[in-house]
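What follows is calculated from the coordinates using simple rules that are stated; it is not laboratory data. Computed from a predicted model, the values in this text were never measured in an experiment. Here the Cβ positions follow ideal geometry from the backbone for every residue, glycine too, while neighbour counts run over all protein chains shown.
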Amino acid sequence: MTEGDTGGRSAPDPREATDPAAFIAQLQALKDWSGLTYRELTARAEAVGDVLPRSTVANMLARSTVPREELLATFVRACGVGPGELESWQVVRKELAVRGVHTPPAGAEADVEEPGLEGPHWPGAPEAGQETDPEAGAAPEYPRSDPGRRMRRTLVALVAVAGLVLAAVSVVVALVHEGEETGPKRLSAPAAGDVRIRVIGSDLCLNERRGARTGQIYQVECAGADVPRYALKDLGSRQWQIVSDHPDYGLGCSGIPSGGRVPDAALEDSECGDPTRVERFALEPFGTPVTGYRIVPVGSATPGVCVTVLGDRKAPWSRLAQAPCRPDAQGQLFSFDRRT
């Protein structure tokens, strides 16, 4: 799902709220309507000079009292609501703050504008992989034999050279044997703890794009899949949470936004505990014998979906999202390799 994708639906009307709890529920509905994650809301606010920490939004939506006026305005603007609708939110908030109750006008209908949700363009990191320095493979130089050296030293040098040759041959043999291992990598079942989540078929691993704010998850080369580092948390009843540890944003959870109502909603990392996201997964074995594990969102509003690699299933930087579970499970099987 793209940023600010409202699916043509009208924004929630604050005038329907009759008390502070209902007002908070309307704010939650507004965030849900916007289709934006906490990270994206923070980024949209920053783009216009506002300050909207993710933790502040989460705390606001968890309270039972109306927020401060400036916080409300910043949040509503970030969600993509126009100036006219913002005034309605402010009027209702003021009435609830003063009287504790709001009486909707009889027959009132929200005059909702189409919000401009184009928003700023979020630059991502380049898709090209990191450059690697070429390895220096120059062989060590040995000093030439001195005609005046004693025979004893000559013998010692010959023994040393022979040892080096034998060691080099051993390394070459080991590398050849390693290159001959063409079989599949070992499959790892889900278990609590630190993991690399590897896609069966591409042998790429789940990762975000460093510097991006969306939390969108892609598949990348496993050797560089450290943004974030993932761990599995056993929630019981055969349900799991995928915990992310991002070097810039800290701990979070992988999830499907907006309750999974959008059929191809992205798999993305954000703060844990957002009630509008699907953050519980069933990790189901597939095949006999087992050839991989499906990641199935538990409670998604779109039934029969699995976490899926979209587009080119073999290509780095293909994104992951929910999609209908396939009979052959292509692009939908994973291994949970242990981190050491």
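Only Cα sites of region 263-310 enter the Debye sum here, all with the same form factor; the resulting log10 I(q)/I(0) across q = 0.14, 0.26 1/Å is -0.39, -1.09, listed in q order.
In region 44-90, a dipole from Cβ-located charges (positive for Lys and Arg, negative for Asp and Glu) runs towards its positive end, and of Val81, Ala58, Val48 it is Ala58 whose Cα lies farthest in that direction.
Summing Lys and Arg as +1 and Asp and Glu as -1 over all other residues whose Cβ lies under 10 Å from the Cβ of Pro104 gives a net charge of -1.
Can you give the FRET efficiency to the nearest 0.05 for Arg229 and Asp19, using r as the Cβ-Cβ distance and R₀ = 30 Å?
The computed FRET efficiency comes out at 0.10.
Which FRET efficiency value, to the nearest 0.05, do you get for Arg339 and Leu86 by plugging their Cβ-Cβ distance into 1/(1 + (r/R0)^6) with R0 = 41 Å? Efficiency, rounded to the nearest 0.05: 0.30. Sorting Phe286, Phe336 by the number of Cβ atoms found within 10 Å of their own Cβ, with the fewest placed first, yields Phe286, Phe336.
Less than 5 angstrom separates the built amide H of Gln239 from none of the residues sequence-distant by 5 or more or on a different chain. Here the Debye sum runs over all C-alpha atoms of region 14-99 as equal scatterers in vacuum, and log10 of I(q)/I(0) at q = 0.20, 0.23, 0.26 Å⁻¹ comes out as -0.87, -1.16, -1.48.
Charge dipole of region 14-99 (Cα centre as origin; +1 on each Lys and Arg Cβ, -1 on each Asp and Glu Cβ, all else neutral): 180 debye, rounded to the nearest 20. Once both labels are positioned 7 Å from their Cα atoms along Cα-to-Cβ, the gap between Arg238 and Asp203 label points is 3.1 nm. Greater than 31 Å separation of Cα atoms is the criterion. Which listed pairs, Lys31/Lys233; Lys31/Lys185; Lys94/Lys233, meet it? With Cα atoms farther than 31 Å apart: Lys31/Lys185; Lys94/Lys233. One way to sum up the overall shape of region 253-340 is the equivalent ellipsoid from its Cα gyration tensor, whose semi-axes run 20, 15, 14 Å, largest first.
Taken over region 30-73, the ratio of Cα radius of gyration to 2.2 N^0.38 Å equals 1.11. The modelled label-to-label distance between Ser10 and Val298, using points 7 Å beyond Cα along the C-beta direction, is 3.7 nm.
In region 193-338, the ratio of gyration radius to Kirkwood radius, Rg to Rh, stands at 0.92 when only Cα atoms are counted.
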